[in-house]
Amino acid sequence: MNLTKKKWLLPVGAVLVILLLAIAVVTTMTGTGSEKSEFLSTFQLDAAENTVQLQEVYNDRGWFGDGDALYQVTLGEDGATMTANWNDLPLSEDVEALLEWESDCFTLPDITEGKWMFVSRGEDSEYSTNVSLCVFDKETETAYYVTIDT
């Protein structure tokens, strides 16, 4: 191999290594699952991903997924059936307090008739909270999916 061919091997190899490391870091930070599959799994809903529509309303999730997010969710015609085993509204005082704490970031619409489910994901402590909440509005057949990760 002559000298000119060797000169470009090192810079090209370095660029490839940097690109592969960047892809690995970004993939690790953003996770591998979609929001839809995470939503369906968290709330143990038996629906195909293609039947659920998620629209991001608010998202300040940063590095390693910490932060808050709110999604408007269309469950299709089976929304009332899928949420039948959930709690009837109104929300509990603890959940109301949590939403009040988050009110600087987002607020849920006023829902008078519907269901809700709260899921603690992982071990919470005085320094860390990782929870999901979904509120289903029976009147509009729309759900609101909240994630809070600190």
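Numbers at a glance
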read-out: From the C-alpha gyration tensor of the stretch 34-150, square roots of 5λ in Å; value: 21, 17, 13
read-out: Other-chain or far-sequence residues with amide H under 5 Å of Thr129's (modelled H); value: Thr150
read-out: The stretch 56-110, relative contact order [Cα under 8 Å, separation at least 6], %; value: 28 percent
read-out: Solvent accessible area, Å² - Asp137, 1.4 Å probe, full protein context; value: 20 Å²
read-out: Peptide ranges 127-134, 50-57 listed from the most packed, as the mean C-beta count within 10 angstrom indicates; value: 127-134, 50-57
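The values are calculated or read from the model by the stated rules, or taken from the named source; none is laboratory data. As the structure is a computational prediction, the values presented were derived from the model and not from experiment. Note that each Cβ is placed from the backbone with ideal geometry, even for glycine, and that neighbours are counted across all protein chains shown. We work out accessible area using only protein heavy atoms, side chains counted, and drop any ligands, DNA or RNA first. Shrake-Rupley method; radii C 1.70, N 1.55, O 1.52, S 1.80 Å.
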